[in-house]
Each structure stands twice: as structure tokens, then as C-alpha cells.
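Working notes, structure below.
The values are calculated or read from the model by the stated rules, or taken from the named source; none is laboratory data. As the structure is a computational prediction, the values presented were derived from the model and not from experiment. Here the Cβ positions follow ideal geometry from the backbone for every residue, glycine too, while neighbour counts run over all protein chains shown. Side chains included, ligands, DNA and RNA excluded: accessible areas come from the protein's heavy atoms. Shrake-Rupley method; radii C 1.70, N 1.55, O 1.52, S 1.80 Å.
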Amino acid sequence: MPKMPLTFSLGRHVRADLTASLVVFLVALPLCVGVAVASGVPAELGLITGIVGGIVTGLLPGSSLQVSGPAAGLTVLVYTAVHEYGLSALGVIVLGAGLLQLVLGALRLGRWFRAISVAVVQGMLAGIGLVLIAGQLYAMADATAPGGGLADLAGLPELVVRTVTSQTALLALAVGIGTARLIAMWPRMPARMRVVPGQLVAVGAATALTVVFDLPIHRVEVTGLLQAIQPPGLADAGRLANVGFAATVIAFALIASAESLFSASAVDRLHRGRRTDYDKELMAQGAGNTVCGVLGALPMTAVIVRSATNVQAGAKTKLSRVMHGVWLLLFAAFLPQALSYVPTAALAGVLIHAGWKLIPLKELAPLWRDHRGEAVVLVVTAGAIVTTTMFEGVLIGVLLAVVKTAWAMSHVHISVSDSGMGAVRVRLTGNATFLRLPRILDTLEALPQRQVELDLSGVRHLDHACMTALQSWADQRNAHISQPQAPRPTP
């Protein structure tokens, strides 16, 4: 008798997980293909990363309900790396990033990624979203993007002119806009219709329309699963000695890790089950990326869209994410040619919608009102990614966040009480650091030439530079005022 409830519970969990895995598979399929095409690599490589994310990373401990695969957030970085170093180098980059993640996890540094400013992460995602949208607007019109955030944005007027003068481009644009619009409207559909994911419905409808009317627009090129696999070679491995190449590997590892662990934090808020072990999750991501690197596939991260879908579909254990990888494997093995009917404009519509969701428009106004400094960090980080590169933009954002925090932590209040007779009372409260030293000294040097009582009891932190400057000021004042009691800083 005691075993019956357990058996019933396990059976119920299996059914719930299998149902959830099918829903996640239907969401992941168009995203895997779309991210690969947008990254400038064969569509099959996106499926391979989804398979590894489900079966390999899905089996490992860390986060039980989080789902991994190719992410829109790394599309820009992958496209730049492939454009600069070639497709053959992608495996080395992803392999190196995976090994670095394994080392970081083994050193128990996973939890430290939570210390990254949320404004920097939101700015990073917003910048990625803007660059992704700009690049996919070209794909939506069956055109080739110039490459690079600023170049893509600068070329949009010319793209508009070329599109309105080309019937083929207008057809592709209509398919792409229709796809994005249907995805955006799908959450407002009746619940019984929303059982099927909007991304799949939109891409399926666009594909059917293209096939039925034989529209002369670009479609996904299929090379075959085995043919798409390109294991890294020794020649590409030698590029790790190049500073720029090594920096790209580090950028992949850090950005993928930050996105995965922030996703884990968000997923933990969606369910009441076991919480994420950040160090183990980082190692699971590293193991997955190591396998992806060996296969020459796209890098993986935990993807909030799939993870949230997994939770909302009723998943209970990691079986759901593992089975989603199995469904992807079966599709890639037996139905890869089905991808050749999918219009690239439809996939561009999927990614434009995904890029738009990365931009925190609703959070920006409240953030500006309540935490203006954080809003500035967010906007500057996003702008830096658009105008420079992903890695440089994130570094600028992190540096600005550190400067903002240092400035905020150095806040000090100076109050002067002078009755006109006797000693002048000066009280400092807050954090007296070198950043506020010029203001402190200006106030002290402007005091009348009388005895001064300097009260530091309200100071929470007094750094060495500030203490030395106050001592020097007191010594100079003692030398010029002939009072019996010299002004000295008192604790």
C-alpha cells in the first residue's frame, strides 16, 4: 500500500513530462533553425545544439526544469565570429568556451555570476535585440545584411528603397511580417488553440503559403545532418594563440554563462521545485558546449523562452527536457528535408519577435524614475554593443556599473554649524572616499580662521587617501591658528 501513491505520482510525472517535452520541442524546432540561419551556419547545426542541450545537458544536475539550446542572444556574436574566422573555427571557439565553463564551475564560481549588475545584463540583451532586429530585417526582405550593428542600421534606408521596387522582396517581407505578427497575437488566442506554440503555427502557416502558391522567395538550404558536422581541426586550434581569437572564446564563455545563470534564476521563480545549483549548472552548460564544440555546432545557453514553456506546460522533472532533445534528434534524422520548404523570411520574423522581447521597454521607464543610474548603465551598454562589438559593449557596461557603484558608495554629507563665536562644528556622515575628497577639502578650506571641531562619528568608511588628506589639512591649520587647542579629526 505505501508504494501505490509513489507509483501513481511517478506515472503522473512521466505523463506530464512527456506532454511538456512535445510542447518544448515544437517551440524549440523553429528557434533552433532560425538561430542557425541568422548566425550564418547550416540549419542542421542549430538542431545539433538543441539535441545536445536536451540529451547531454538535460541529463546533468544543476537546474531540473531549465532547457538549453542555441539562443538568439548569441546570434550576433556567432555571426561575427564565423564571418571573421570562418565556419571551421566555430568548433574550436565553442569547445574552448565549454572547457572554460567547466573550469569555472569546478572552481565554484558559478554563483558569482549573480553579482553581475542586472542593468548590464538587461543592456546586453537589449543591445543584442537591436542588432538582431536590424540584421533580420534584411533577411526578411531576402537581402544580405552588410554585417555589424551600425552598418546594418545605416543600410536600412537603402534596403527600404530596394524592397519597394522589387516584387520578390515585397512578397518575402509580407511573409516575414505576417509570421512575426501571428506570433505576437498568438497569446491572445483561446486557450485550446494556444496548446500549439505560436512560433510553430506561424512558421507552418508561412511554409504552407509559400509551397501552395510557389512563392519565389528564399528557403532554408539543407545539407544533411552528417554533412553539417565539422569537428575542429589542429589548424584552427592553433588560432588560440591569437589574442583576438582567445578573447572571442572568453566572450562566448562569459556571456553564455551569464545568460544561462540569469535564466536559471528567472526559472526558479516560476516553480516551487528544487532550486538551481549554480556551480553544477555552469558545469552542465560547459559539458554541453564541449560536446557542441567537438561536433562543430552552435554554442548553447539556457533559453528562457523554452524553459518558461517547459514549466508552463507542466513539466515536473528533467525527463521533459531530455525527451525534447530526443524529439529533435528524431526530426533531424528522419525529416531534415522538411526544412527545405521553410522560407527564410518566416524564420527572420521569428527572430525579430525574439529580438523585440529582449528589449526591456516596459521596465525602462520605472527604472529611470526610481534608479536613474541603473537606467543609464542599461542604455549605455545597449548602445555600446550596437556601435562596437558584443564583448567590448559588455566590458563598457560592467566598467560603467562599477564606476556608478563606487560613486554611489562614496556619498558623504557635510554639515557645518557656525554660531559666529567659538569653535566651528563640522560633521561628516556617509562614506568618505577619494572620490569625494575634493568636495570635503573645499568645504574645510573655506571655513573661517577659528578653532574647528571635526566630527567623524557618522562616517561609515574612511579610506586611506581621505584620512591622509584630513590629517594634512589639520596639521596645516594647526600651523596657522594660535589657539590653545588645535583642530583634530575626532572619531
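Quick notes on this structure:
- Note on the stretch 92-168: enclosed helices (runs of 4 or more DSSP H) holding 1 or more residues that are modelled with pLDDT under 85 are 118-140, 149-154.
- Helices (runs of 4 or more DSSP H) contained in the stretch 350-421 and holding at least 3 residues out of contact with any helix residue (DSSP H, G or I) (no Cβ under 8 Å at 6 or more places or on another chain): 361-370, 390-409
- Residue that is surrounded by the most Cβ atoms within 10 Å (Cβ to Cβ) [pool: residues in the stretch 311-369 that are among the polar types (S, T, N, Q) and in contact with a strand residue (DSSP E or B) (Cβ under 9 Å, 6 or more places away or on another chain)]: 344
- Contacts under 7 angstrom Cβ, first residue in the stretch 214-235 being farther than 22 Å from residue 93 by Cβ, partner part of a loop (DSSP other than H, G, I, E, B), 6 or more apart: 217/142; 218/142; 219/342; 220/342
- Checking every residue in the stretch 323-340 against the condition of being closer than 18 Å to residue 64 by Cβ, among the aliphatic types (A, V, I, L, M) and in a helix (DSSP H, G or I) gives at least one match.
Table: residues versus (1) under 29 Å from residue 15 (Cβ atoms); (2) in contact with a Pro (Cβ under 8 Å, 6 or more places away or on another chain); (3) of a type outside the set (S, T, N, Q).
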position	(1), (2), (3)
255	no, no, yes
260	yes, no, no
282	no, no, yes
293	no, yes, yes
310	yes, no, no
320	yes, no, no
325	yes, no, yes
333	yes, no, yes
336	no, no, yes
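- Check on residue 120, open to solvent by less than 10 Å² (accessible area, probe 1.4 Å) and over 14 Å from residue 250 (Cβ atoms): yes
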